[in-house]
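What follows is a set of notes on a single structure, which appears directly below.
The values are calculated or read from the model by the stated rules, or taken from the named source; none is laboratory data. None of the values given here were measured: they were computed from a predicted structure. Reconstructed Cβ throughout: ideal geometry from the backbone, glycine too, with neighbour counts over all protein chains shown.
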Amino acid sequence: MAENQTATAVNRKSRTGTVVSGKNDKTIVVKVERASRHPIYRKVIRRTKKYHAHDEANTATVGDLVRIEECRPMSRLKRWRLVEVLTEREVAEVSPERLDRGLVESVEHPSAQVDEPADASEEAV
């Protein structure tokens, strides 16, 4: 009987795709893209499909490349589970080179906003 259980685990479908949503708790939405040739025109057609997958530890984030595997139904839409995160998305370290002094002052003191841009537009007219 143990042989049958391991044999079914080997025969499960597996897909690789990109996480497009991770807002729900323990659930991710994975976009899987496949390409096939049109039978008559021989042009490559790209098709996408979204799968809802179970992510127990909430490890995957939007933009990650993940592998999902078929499993028992966990809810109305979830029939897949996260196997592994292949590559994590790269977060860009963006910092401004210099800040506008007026912007900094308006953020620090929101009640003391200066009306200079309105005056400058009146002078230009």
Residue that is nearest to Lys50 (Cα to Cα) [pool: residues in the range 71-86 that are in a strand (DSSP E or B) and in contact (Cβ under 8 Å) with a residue 40 or more places away in the chain]: Trp80
Condition set of a type in the set (Asp, Glu) and in a loop (DSSP other than H, G, I, E, B), scope the range 92-114, selection modelled with the lowest pLDDT: answer is Glu93
Please note which strands (runs of 3 or more DSSP E) are completely contained in the range 15-70 and include at least 3 residues that are exposed (fewer than 15 other Cβ atoms within 10 Å of the Cβ). 27-37, 44-54
Give just the number: which of (1) at pLDDT 95 or above; (2) in contact with a Leu (Cβ under 9 Å, 6 or more places away or on another chain) does Arg89 not satisfy? (1)
Which ones in the range 6-25 are out of contact with any Gly (no Cβ under 9 Å at 6 or more places or on another chain) and either modelled with pLDDT under 60 or hydrophobic (A, V, I, L, M, F, W, C) (or both)? Thr6, Ala7, Thr8, Ala9, Val10
